[in-house]
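Trainee: I'd like to ask you about the structure that follows.
The values are calculated or read from the model by the stated rules, or taken from the named source; none is laboratory data. Bear in mind the structure is a predicted one, so any value in this text is a computation, not a measurement. All Cβ positions, glycine included, derive from the backbone under ideal geometry; neighbour counts span all protein chains shown.
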Amino acid sequence: MDLTALTDEVANKVWETMNANAGIEVAPLEEQDDMVKFSLKSQVLPFITVIKPVVEKKAEQTIKDRLIRTINEAHEAGHDDSFTIMAIMAELSDDEE
């Protein structure tokens, strides 16, 4: 993952949220002075370098747990391999119910 792009994206979101919550309408972060952009990005970067690995590990473990649960449920119900694969694909699907 590109930490620079992630830092830019998070800084932009923080900028939008900060100003929206304050009821202020200002230009987007990319239109601000370079020092304003640098200041905000330098404040965001430490959170990204600390939080990103934690979130990635948690997300990975959550996905593994969901897949293991799906496989075990299909096995306990006596389903065949193709059903199990379809259940896994449904679990990984972006569709929210």
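Trainee: Regarding the range 21-30, can at least one residue be identified that is loosely packed, with under 11 Cβ neighbours inside 10 Å and either farther than 20 Å from ALA11 by Cβ or touching a Ser or Thr at 6+ places or on another chain (Cβ under 6 Å) (or both)?
Mentor: Yes; the residues of the range 21-30 include at least one that is loosely packed, with under 11 Cβ neighbours inside 10 Å and either farther than 20 Å from ALA11 by Cβ or touching a Ser or Thr at 6+ places or on another chain (Cβ under 6 Å) (or both).
Trainee: Counting only residues that are among the acidic types (Asp, Glu) and over 16 Å from the mean Cα position of the chain (by Cα), which one in the range 24-78 is modelled with the lowest pLDDT? Working first, answer last.
Mentor: As a first pass, look at the range 24-78 and keep what is among the acidic types (Asp, Glu): 25, 30-31, 33-34, 56, 60, 65, 73, 76.
Retained after the next criterion (residues that are over 16 Å from the mean Cα position of the chain (by Cα)): 25, 30-31, 33-34, 65, 73, 76.
Details: GLU25: 84, GLU30: 92, GLU31: 93, ASP33: 94, ASP34: 95, ASP65: 94, GLU73: 94, GLU76: 95.
Per the criteria, the residue is GLU25.
Trainee: Quick one: how many residues across the range 31-52 are of a type in the set (A, V, I, L, M), within 15 Å of ASP8 (Cβ to Cβ) and without any contact (Cβ under 8 Å) to a residue 12 or more places away in the chain? Working first, answer last.
Mentor: Our first condition is that a residue be of a type in the set (A, V, I, L, M); within the range 31-52, this holds for 35-36, 40, 44-45, 48, 50-51.
Next, from what is left, pick out any that are within 15 Å of ASP8 (Cβ to Cβ): 36, 40, 44-45, 48.
If we keep only those that are without any contact (Cβ under 8 Å) to a residue 12 or more places away in the chain as well, we get 36.
Here the count works out to 1.
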